[in-house]
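K.L.:
I'd like to ask you about the structure that follows.
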Amino acid sequence: MPNTFKLMRNSVLVLISAFFLSCENPTDIDLPGSGNQGNSYFTDTLSLQVETFQMDSAITSNQAAALIGSYTDPSLGRVTAKAYLQPTLQQVTDGLTGQVTPIEFTFTSSQILDSVSVRLANKNLIFFGDSLANMTINVHRLNSYIDNTKNYNFNSSLPYDPTPLASVTFDRYAMDNDSLITYLNIKLPKSIGEELIALAGTDAAKDRDAFAKAFRGFVFVANNDAETVSVFNLGNTFGVVNSRLTLYYHDSGSTDVEEKEFEYTVGRFNEVTFDRSNTSLAKLTNLKSAIPISETNGRAYLQAGSGIGTKIRFPDLDKLKSSQIGLAEITFSADTLTFSDEIPVAPFVTFIGLNADGSVKRTSGNYSYISSTTGALSGILSSYDDSLNVFTANITPYLQDISTKKAEDNGIALVVAIPASTGTSALVFNSGLNRIVLRNFKLNLYYNQ
């Protein structure tokens, strides 16, 4: 049976409140602080059904980082990550019109190929596991291109040549630094450069989609004995390409080496696999499977990048004496004993909706965020307060819809997040393997009769 947390049954007359809420539905609720004093508000005995949950999908395509390596998490077991990267043409933005166009790749008969290499940038030196350990990364060639129009999940994969093109063994101190970015340089066979040069003058040299179909990308795989996952930055930072494929050449009669760069800003995703045997999550083997916190010592788990979230349902909501919910806040704390210098914590969380079959609910391909706005592109932001060891989230709109029968309680998934650009809402975060272990789930529910 799922574990439940019971709230003490009581009724309270709210005279002074630190909470302010303006609700459009139901409209007759006026909480203290909204200008109408003297109303009675009540809490009731309700239960939360809390489970650690293996989501059926967690999008890892088009993330800001490539994850490569393996490590053993004492809470979550062995975690392994591979990065699939599709090089593409660079682009230029017109300063007047804002139009973005690809930069055509050219290579003349007077230009001579020197070498070609992959640069993987870890500008913040972020690692999961033992950051001092050696790791060998192997570069394999994909058998097909990465479709940039498709969402790839943590369990997605593509076939690739089992024989690596190149390998490199390194630790954090063996990485290069160009005064701006710390990076790893992997030299590829010269045949890769020759393949690129053969595209010059074709449609693939001036169109990103055509380039992807003509030039297959790579998958980066660490040796099985790896004890760290390195986080390599993708995209651009202030116009500087982070990770990239670089072709080095010189002009005939010159010794000056020049570069032509291809960036990883289109098709890309991370595949994350795990071995949870000998952990409290050993039963979490199938998609949409869940383990109640009664079986995990009252703990629930979240991890970015791997589809591990916390599923919460409200089975006793229909026992309320009134459906007029004015404020619903859920609080929970972190198990600080699981904090580790080797595993970056997840300080932000958000909530997404689920379908009746337990699958992740989507709206036009995007996550269905729990929010006060229908069809929102971001969700509730809850941040860790380390001074109080507490997360607090206002889930009033969700519970109002459930209590008034506008929606079914299929459960909501609590997942690792990152603040949106506004700083007041959140987006699902899968660009790392940050995790947090949670406990002490409580629902503070206020309603009137």
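K.L.:
Among the listed pairs LYS190/LYS213; LYS319/LYS442; LYS123/LYS288; LYS319/LYS406; LYS123/LYS311; LYS213/LYS361, which are separated by more than 25 Å between their Cα atoms?
P.N.:
Too far apart for the 25 Å limit: LYS123/LYS288; LYS123/LYS311; LYS213/LYS361.
K.L.:
Follow-up question, since we're still on this one. Once you have the Kirkwood Rh of the stretch 65-273 from its Cα pairs, apply Stokes-Einstein at 4 °C and 1.567 mPa s and quote D in µm²/s.
P.N.:
Roughly 72 µm²/s, to the nearest whole number.
K.L.:
Would you mind checking which residues have amide H under 5 Å from GLN90's amide H? H placed 1.01 Å from N; only 5 or more apart, or other chain.
P.N.:
ILE103, GLU263
K.L.:
Hey, what do the phi angles of the stretch 403-417 turn into as Karplus ³J(HN,Hα) couplings, whole Hz, using 6.51/-1.76/1.60 and θ = phi - 60°, x for Gly and Pro?
P.N.:
5, 9, 6, 7, 8, 8, 8, 7, x, 10, 9, 8, 9, 5, 9
K.L.:
Here's a follow-up. May I ask you to derive the relative contact order of the stretch 349-449, considering only C-alpha pairs under 8 Å and at least 6 residues apart, and to give it as an integer percent?
P.N.:
Answer for the stretch 349-449 is 29 percent.
K.L.:
Can you order the peptides 342-349, 193-200, 304-311 by their average number of other Cβ atoms within 10 Å per residue, highest first?
P.N.:
Top to bottom by mean Cβ count within 10 Å: 304-311, 342-349, 193-200.
K.L.:
In debye to the nearest 20, how big a dipole does the chain give about its Cα centre with +1 on each Lys and Arg Cβ and -1 on each Asp and Glu Cβ?
P.N.:
1160 debye
K.L.:
Run lengths n ≥ 4 of DSSP H only: what is the helix-derived mean residue ellipticity at 222 nm for the chain, with -39500 (n - 2.57) per run over all residues, to the nearest 500?
P.N.:
Value at 222 nm, helices only: -1500 deg cm²/dmol.
K.L.:
Let me ask something additional. Just want to confirm a number: the relative contact order over the chain, from Cα pairs under 8 angstrom separated by 6+ residues, in percent.
P.N.:
24 percent
K.L.:
Right, something else. Projecting each Cα onto the charge dipole of the chain (Lys/Arg +1, Asp/Glu -1 at the beta carbon, about the Cα centre), which of LEU247, VAL360, ALA212 comes out farthest on the positive side?
P.N.:
Checked the options; the winner is VAL360.
K.L.:
For the stretch 65-273, what relative contact order do you get, as a whole percent, if you take Cα pairs closer than 8 Å and at least 6 residues apart?
P.N.:
RCO, the stretch 65-273: 41 percent.
K.L.:
Also, quick follow-up: Please order SER157, SER243, SER425 by the number of other Cβ within 10 Å, starting at the fewest.
P.N.:
Going from sparsest to densest Cβ surroundings: SER157, SER425, SER243.
K.L.:
For the chain, set up a GNM with springs between Cα atoms under 10 Å and report which of TYR160, TYR173, TYR249 has the largest fluctuation.
P.N.:
Result for the chain, Cα springs under 10 Å: TYR173 fluctuates most.
K.L.:
Check LEU381: other-chain or 5+ apart residues with amide H under 5 Å from its amide H, H built from backbone geometry?
P.N.:
Here the answer is ALA426, since their amide H atoms fall under 5 Å of that of LEU381.
K.L.:
How compact is the stretch 316-378 by the rule of thumb for globular proteins, expressed as Cα Rg over 2.2 N^0.38 Å?
P.N.:
1.55
K.L.:
With Rg and Dmax of the Cα atoms in Å as the read-out, I listed (1) 25.3, 84; (2) 25.4, 89; (3) 26.6, 88; which label goes with the value calculated from this structure?
P.N.:
The listed entry that was calculated here is (2).
K.L.:
Using the Cα centre of the stretch 65-273 as the reference point, and only Cβ charges (+1 on K/R, -1 on D/E), how large is the resulting charge dipole? Debye, rounded to the nearest 20.
P.N.:
460 debye
K.L.:
Next question, about the same structure. Residue-wise, which Karplus ³J(HN,Hα) couplings in Hz belong to the stretch 167-177, taking 6.51 cos²θ - 1.76 cosθ + 1.60, θ = phi - 60°, and x for glycine or proline?
P.N.:
So the J values, rounded to whole Hz, are 9, 8, 10, 7, 10, 4, 7, 8, 6, 7, 8.
K.L.:
While we're here: Just going by the charge dipole of the chain, with Lys and Arg at +1 and Asp and Glu at -1 on Cβ, which of ASN143, ALA174, ASN236 is farthest out on the positive end?
P.N.:
ASN143
K.L.:
Ordered by residue, what ³J(HN,Hα) values in Hz, to whole numbers, does the stretch 223-231 give under the Karplus form 6.51 cos²θ - 1.76 cosθ + 1.60, where θ = phi - 60° and Gly and Pro are x?
P.N.:
4, 5, 8, 4, 10, 8, 10, 9, 9
K.L.:
Among GLN90, GLN54, GLN99, which one moves the most in a GNM of the chain with springs linking Cα atoms closer than 10 Å?
P.N.:
Answer for the Gaussian network model of the chain: GLN99.
K.L.:
In addition: Once amide H atoms are placed 1.01 Å from N in the peptide plane, what residues at a sequence separation of 5 or more from ASN434, or on another chain, have their amide H within under 5 Å of its amide H?
P.N.:
For ASN434, whose amide H was placed from the backbone, the distant partners under 5 Å are ALA304.
K.L.:
Now, a different point. So if I take the centroid of the Cα atoms in the stretch 242-302 and the same for the stretch 176-204, what is the distance between those two points in Å?
P.N.:
Using only Cα atoms to place each centre, the spacing works out to 21 Å.
K.L.:
Under 17 Å between alpha carbons, and skipping anything fewer than 8 positions from LYS150 in its own chain: which aspartates and glutamates qualify?
P.N.:
Partners found: ASP56, ASP209, GLU271.
K.L.:
Taking springs between alpha-carbon atoms closer than 10 angstrom, which of ASN233, ASN430, ASN155 fluctuates most in the Gaussian network model of the chain?
P.N.:
The residue with the greatest mean-square fluctuation here is ASN155.
K.L.:
Based on the Kirkwood radius over alpha-carbon pairs, what is the Stokes-Einstein translational diffusion coefficient of the stretch 281-401 at 37 °C with 0.692 mPa s viscosity, in µm²/s?
P.N.:
201 µm²/s
K.L.:
Okay, moving on. Counting other C-beta atoms within 10 Å, which of THR93, THR52, THR182 has the fewest, and how do the rest follow?
P.N.:
Exposure proxy ranking, most exposed first: THR93, THR182, THR52.
K.L.:
May I pose another question? Find how many whole Å separate the alpha carbon centroid of the stretch 45-73 from the alpha carbon centroid of the stretch 398-412.
P.N.:
Each part reduced to its Cα centre gives a spacing of 24 Å.
Read-outs throughout are calculated quantities, based only on the coordinates presented, and are distinct from any laboratory measurement. Everything quoted here is computed from the prediction, not taken from an experiment. We place every Cβ from the backbone using ideal geometry, glycine too, and count neighbours over all the protein chains shown.
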